[in-house]
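Derivation of every value follows stated rules applied to the coordinates shown; laboratory data play no part. All values derive from a computational prediction rather than experimental measurement. Cβ placement follows ideal geometry from the backbone for every residue including glycine, while neighbour counts extend to all protein chains displayed.
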Amino acid sequence: MARLIDTVAWVYVEEGRILTARSRGRRLFYIPGGKREPGEDDVTTLLREVREELTVTLEPGSVAHLGTYTAQADGHPEGTLVRMACYTGSYRGSLAASGEIEEIAWLRLADRHRTAPVDHAVFDELAASGLLR
C-alpha cells in the first residue's frame, strides 16, 4: 500500500518566474509549504509554513486554491506519494530564507528539472497558462 504525505504549498509567480526554496542538505528546490500540524486546515498550515520558511505573512483574504497535485515523493521509497494542495496569495514583508531553508530562488520553466517531481505538474500548468516562462 502506498504511503501518502499530505502537504500544502504557496505558488507565487512574478515576471514569468516562480518562487522556490531549497532545504538545508537537499539538492532540489520545491514550492514553499509543508505538512499540517494536528488540527490545522490548509490555510492555517500555509500561513504558518510560509512565515517559518520565508519570513513573510500571507494575507489570508487573498489565499485562493490553484490545484492539487500528486507524485512520487522526492527522497522517499518508491510508492511514497506526496499530495500537494497549492494556493496563491499576496504577502507582506521581505522574502528571506529562514529556519530549515538554505536558499530561495526564482525559477523559470527551463529550471523545472531542478525541482521535486510533484512540482513538475505545477510548472507545466503555469507554463500552459502563460504565467511561467
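Details
- For the residues P117, P38, P60, a GNM of the chain with alpha-carbon springs under 10 Å puts the largest fluctuation on P38.
- Among the GluC sites (Glu not before Pro) in the range 1-77, those placed in a DSSP loop whose Cβ has at most 14 other Cβ atoms within 10 Å are E15.
- Computed over the range 66-109: relative contact order in percent, which uses C-alpha pairs under 8 Å that are six or more apart: 30 percent
- In terms of its alpha-carbon gyration tensor, the range 3-128 comes out rounded; the largest-to-smallest axis ratio a/c stays below the 1.5 threshold.
- For the range 81-113, the residues whose amide N sits under 16 Å from a probe point set 7 Å from the Cα of R24 along the beta carbon direction are 97-104.
- Sites listed here are GluC sites (Glu not before Pro) in the range 70-133 whose DSSP assignment is loop and whose Cβ has at most 12 other Cβ atoms within 10 Å: E78.
- Taking the DSSP beta bridges with both ends in the chain, the antiparallel portion is around 70 percent.
- Normalised by the number of residues in the chain, the mean separation of alpha-carbon contacts (under 8 Å, six or more apart) gives a relative contact order of 33 percent.
- Qualifying trypsin sites (Lys or Arg not before Pro) in the range 25-115, DSSP loop, other Cβ atoms within 10 Å at most 12: R27
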